[in-house]
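First up is the structure itself, then whatever we jot down about it.
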2 protein chains.
Amino acid sequence: MKDTSLPSTAGVVNKLIDSLGKLPGIGPKSAQRLAFYLMRAPEDQVISLSDTIRNIKNQISQCRICCNVADSELCPICQNTKRETNKICVVEQPQDILALEHVGVYRGYYHVLHGAISPTEGITSQNIRINELMVRLDNGQVEEIILATNPTTEGEATAMYLSRLITPLGIKVTRLARGLPFGTELEYADDVTLSRAMEGRQNF
Amino acid sequence: MKDTSLPSTAGVVNKLIDSLGKLPGIGPKSAQRLAFYLMRAPEDQVISLSDTIRNIKNQISQCRICCNVADSELCPICQNTKRETNKICVVEQPQDILALEHVGVYRGYYHVLHGAISPTEGITSQNIRINELMVRLDNGQVEEIILATNPTTEGEATAMYLSRLITPLGIKVTRLARGLPFGTELEYADDVTLSRAMEGRQNF
């Protein structure tokens with residue numbers, strides 16, 4: 001019964017729904033909802049959103065020191081001279097910094113690798129920002145490298161690689177604890193998580 | 001411990017996250033994910049999305065007949081001369097047409113009210129497209145009006161109002177069935193749904 005000879009809404013609306021639906025985490029229903037919202041939203045909000053999206057790629061660059069996203073030579077964290085200069089926390093992506101800063105327990109600096117070593121995807125140690133990290137260790141100020149790559153095969157391979165590279169320099173290398181996430185039940189924890197929680201058991 | 005004196009990411013990135021977070025159904029985490037996606041997306045996809053958003057308000061208008069969104073004088077449905085001219089299905093919003101067309105069992109035309117009567121929000125019968133609907137009934141071709149307003153207080157008040165207005169014209173007025181939604185369990189149905197399902201019980 002469905003009529004596909006003519007669409008059920010205007011072409012420009014379909015185009016907007018399609019464009020929005022290509023974004024990650026936006027399904028067809030959400031795309032539709034957003035499109036109809038934008039059609040009724042105030043003109044200035046729509047123009048402002050359009051401009052912000054258009055300009056994002058031109059306005060951002062990489063921090064000269066830590067490779068975080070930045071809109072000037074240095075990112076806001078590297079601009080902050082009050083942080084602890086003897087620690088660098090190594091993450092895969094800029095958004096990982098946001099997550100860690102949201103927690104607020106870490107006061108050192110960061111380094112963004114922009115990826116992880118992945119032989120299956122052809123990403124080697126040369127394709128991520130490891131050289132930039134090694135340069136930062138030359139001045140002898142850094143006493144601890146905290147590896148905060150993802151707890152995935154790629155993230156752990158990257159952490160292993162970095163650990164072998166940095167430990168010989170006499171710098172302490174640590175990584176985020178592996179264990180049971182807060183709020184879960186032991187009964188439902190997967191085997192890998194449970195075995196790591198047991199191996200890495202901490203003094204009470 | 002959290003440092004609020006300097007943000008943890010570049011200002012333009014924060015601005016994009018804020019703008020995206022104002023959209024309906026996009027929480028802070030989704031906004032962040034979208035922002036970092038857009039920063040890495042191909043230039044042409046980003047520009048195209050920006051343009052589509054910017055132009056949507058200029059390019060759309062209301063269908064001269066049914067008040068659906070349109071990018072020319074008539075919406076795609078009113079342009080389609082193969083549909084059944086003796087039926088009009090009345091909906092609150094243009095996106096309701098998409099939902100009904102997706103189902104594909106209805107072959108008549110539509111009318112979009114752009115709202116529902118709501119005394120608490122100060123929306124009267126004059127603020128929604130009821131006059132435009134009444135004009136369409138003048139030619140005597142329409143034999144059935146299907147009221148497909150939302151099953152909410154406002155939607156039902158609007159349906160009641162329209163029913164009283166249209167029934168005296170000798171036109172059959174129906175509405176979408178009220179009852180148990182598919183895939184739910186009777187045990188968990190709310191009282192209103194259950195009482196309507198009982199009152200409106202259908203022959204098997």
Return yes when B:L133 is more than 7 Å from chain A (Cβ to nearest Cβ), without any contact (Cβ under 8 Å) to a residue 24 or more places away in the chain and on the phi < 0 side of the Ramachandran plot and no when it is not. no
Taking the condition at the interface with another protein chain (Cβ under 7 Å from one of its Cβ atoms) and under 20 Å from A:M39 (Cα atoms), does B:I53 pass? yes
In the set B:P94, B:P76, the lone residue that is crowded, with 21+ Cβ neighbours inside 10 Å, without any contact (Cβ under 8 Å) to a residue 40 or more places away in the chain, farther than 30 Å from A:E92 by Cβ and touching a Leu at 6+ places or on another chain (Cβ under 9 Å) is B:P76
Would you please name the residue that is farthest from the chain's Cα centre (by Cα), looking only at residues in segment B:69-109 that are part of a strand (DSSP E or B) and at the interface with chain A (Cβ under 9 Å from one of its Cβ atoms)? B:A70
Residue list for segment A:168-193, restricted to those being part of a helix (DSSP H, G or I), within 25 Å of the chain's Cα centre (by Cα) and surrounded by fewer than 16 Cβ atoms within 10 Å (Cβ to Cβ): A:V192
Of all residues in segment B:56-68 being assigned to a helix (DSSP H, G or I) and among the polar types (S, T, N, Q), which is nearest to the other protein chains (Cβ to nearest Cβ)? B:Q59
Does segment B:21-36 contain any residue that is among the aromatic types (F, W, Y), under 18 Å from A:A31 (Cα atoms) and within 9 Å of chain A (Cβ to nearest Cβ)? no
Here the residues within segment B:110-120 that are free of Cβ contacts under 8 Å to residues at least 40 places away in the same chain, in contact with a strand residue (DSSP E or B) (Cβ under 7 Å, 6 or more places away or on another chain) and assigned to a strand (DSSP E or B) are none
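Every number in this text was worked out from the coordinates using simple rules, so none of it is lab data. Since the model is a prediction, treat every value here as computed from it, not as a measurement. Reconstructed Cβ throughout: ideal geometry from the backbone, glycine too, with neighbour counts over all protein chains shown.
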